[in-house]
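Report on one structure; see the data block that follows.
The values are calculated or read from the model by the stated rules, or taken from the named source; none is laboratory data. Keep in mind that this is a model prediction, so the values were computed, not measured. Positions of Cβ are backbone-derived with ideal geometry, glycine not excepted, and every protein chain shown enters the neighbour counts.
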Amino acid sequence: MHTKRSIAVYFLQLIFIVLSAFLVGYLLSYSQTASVQTTNGILFKTNVAPYLVTALILTLLYLGVYGLFNRFFYATAVFYVFFAIYIVANKLKVIYRSEPVLPNDLKFISDAKAMLPMISTKILVLAVVAILLIVTICVMLEKIFSKELLRFNIVTRIILVLLAGLSIGGFYNVNQEGSTINKLMSKVGYSNFTPNISMTATTNGPLLTFLGNMHVDIMDKPSGYNEATMNKLVKKYRNVANGINQNRPNNDLHKQTLIFVLSESFADPSRVPNIKLNQEAAPKIMNIKKENTSGLMLSSGYGGGTANMEYMTFTGLAYNQFSKSLQSPYTQLVTKQDHPVNIVNSFNTSAAIHPYHGNFYDRQTVYPKFGFQTFRNIDSTGKLALKYTDTIGGDPFVSDEASYKNTLWQVNQTKGGQFISLVTMQNHMPYNVMYDNDQFTVLDGKAAEIPQQVSNYAKSINFTDDSTQAFLDKLDKIKKPITVVWYGDHLPGLYAKNSMKKYNVVQHETDYFIYSNKYAIDHGKGTRKLTDSTEVTDPNGFIPLALKQMQQKVTPYYALLTKVQEEIPAMAKNSVGKNENLYVDADSKQVTTKDLTDKQKKLLHDYKLVQYDLTVGKGYSKKTINK
């Protein structure tokens, strides 16, 4: 009788484990789609097989944890707590960045201190309460029913743990054509070659997408890549550079001051469909744009991806031309490179300023590799400590006004030229800070889940508006040539109710301007307003635009970037639709490679060859192309 009872209990345990796996798989899919109807359609109609594979992996993981602890309810607590955190994290990332949790995001676990302020207190409290509740219940149940539950011998435990590890490790080369796991998963409907990572996660499920991106391929080799080809390209663009330089009087870039200002999440809300405010949020910046070189920047991110935009501005390389599995060039590529080609190396003095934690996106490792001599952040101390760290009201982040003061301090540290990178934080999510005397009212907030947050955001960028104008006014009083490239890196993740498919382009366009101070213009070191190919550009176009603004001669590499910026539509990594690359013309209309001329296609191929050579190729051109 006791044996029959034990078998019945063991069977119920197994049923619970399997049902838990299916439940968690369902909730993971729901965290991606945010729709019961869509989730049901995917899991029970169009993509049943990937769901079954997900459930199988989750079952093996549950059993692996069970084998590790040899206590059923302890394993249950670990399983549910871990995947509860995973599900919530995936949901939040989809809301704010329109993409799933990926292996590269695990780096942020070490940055928990920096991440927590970005999550609302309500969510944190609910998460902690839920975790404590699950753990408490499971501990109590284990104490009550421990003797009735299945225990494994050591051999079985090892086998269960190994099977759990195999279920994860087996996906290492799932995207390698011809591999066993690739053939197997292809037969069950898995594919990681859809145009964007969000679509992949929607169809395959977040877990399979996560596992499928554990192994990173940096970039596919372009056709014709070899040493002879690269030597010809260097020669070709040296001739192009010679032609450009005939009309460029200046060859003293290192003697000038160039400042890149990444304004966190800045994008004029008046351009966002289904959003209307009672007044302009940043009238001074809009006026600056009218009077100076300016336009729209096509971003490869929405609600996030700051460091990816940084990477493009520093290197001139296009994020969309890398493999889809490369989600962060900083952490997955630059950390492994030696002296990557970038604009910082054109200056004898260089400084990076970011009023937040320095280890975010491995900046403490990446910046020195780019050649930055100093990096000031809120973690730096002593001589490298930030001089100004003031905040506004209840906003926990350092204000833009304080960030500009730090930048002005850096400008005055040398009589000669230098390169300065400022990455601000004031307008970072979450947007729940209620500012005093907020003059902004949302008249139409259909695009936003929480319209009040749009009002908060408008007030915040209004502070940016005032401090940016004041910053430029102070630069005009400095008696040395200074040029500023100022841009918003992506839209804030506030417009979740807008269809990204319908508004893909407009929700990936931010604002930029390039400003040369009075001294630079008066002494032939700067230009007031360029109008050729400035309407819509991309982050990788800022180096050639800045050099044109400063009337600086170019190297073969910057001659290539100049041609790309002038002759090819702005480009970004796509987030929706059937095209992997998002190309946008000067009228903010999406185009495809089919719309490109043969000359444009040849130029784009040259660009890809150089990008491959400078990142994962043999580096045939590295010593000569930027000299």
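Looking only at region 140-155, residues that are in a helix (DSSP H, G or I) and surrounded by 14 or more Cβ atoms within 10 Å (Cβ to Cβ) come to 2 in all.
The strands (runs of 3 or more DSSP E) falling completely within region 363-471 that include 2 or more residues that are surrounded by fewer than 17 Cβ atoms within 10 Å (Cβ to Cβ) map to 442-444.
Against the test of being farther than 27 Å from ASN498 by Cα and under 19 Å from the mean Cα position of the chain (by Cα), the options ASN581, ASN540, ASN574 yield a single qualifying residue, ASN540.
Scanning region 587-605 for residues that are part of a helix (DSSP H, G or I), surrounded by fewer than 20 Cβ atoms within 10 Å (Cβ to Cβ) and touching a residue at least 40 places away in the same chain (Cβ under 8 Å) yields LEU603, HIS605. Of the residues making up region 276-305, those that are assigned to a loop (DSSP other than H, G, I, E, B) and closer than 30 Å to LYS324 by Cβ are SER299, SER300, GLY301, TYR302, GLY303, GLY304, GLY305.
Kindly provide the set of residues from region 500-516 that are under 30 Å from ASP473 (Cα atoms) and surrounded by fewer than 19 Cβ atoms within 10 Å (Cβ to Cβ), ordered by number.
none
Residues in region 174-187 that are of a type in the set (Val, Ile, Thr) and modelled with pLDDT of 85 or more were compared, and the one that is nearest to VAL216 (Cα to Cα) is ILE181. Every test in (1) under 24 Å from PHE347 (Cβ atoms); (2) touching a His at 6+ places or on another chain (Cβ under 9 Å); (3) part of a loop (DSSP other than H, G, I, E, B) is passed by SER265 save one, and that test is (1). Close Cβ contacts (under 7 Å, 6 or more residues apart or on different chains) running from residues in region 413-427 that are under 14 Å from ALA546 (Cβ atoms) to residues that are surrounded by 13 or more Cβ atoms within 10 Å (Cβ to Cβ) and basic (Lys, Arg) comprise GLY417/LYS255. Here ASP338 fulfils each of the conditions (1) under 21 Å from THR624 (Cα atoms); (2) in contact with a helix residue (DSSP H, G or I) (Cβ under 6 Å, 6 or more places away or on another chain); (3) surrounded by fewer than 22 Cβ atoms within 10 Å (Cβ to Cβ) apart from (2).
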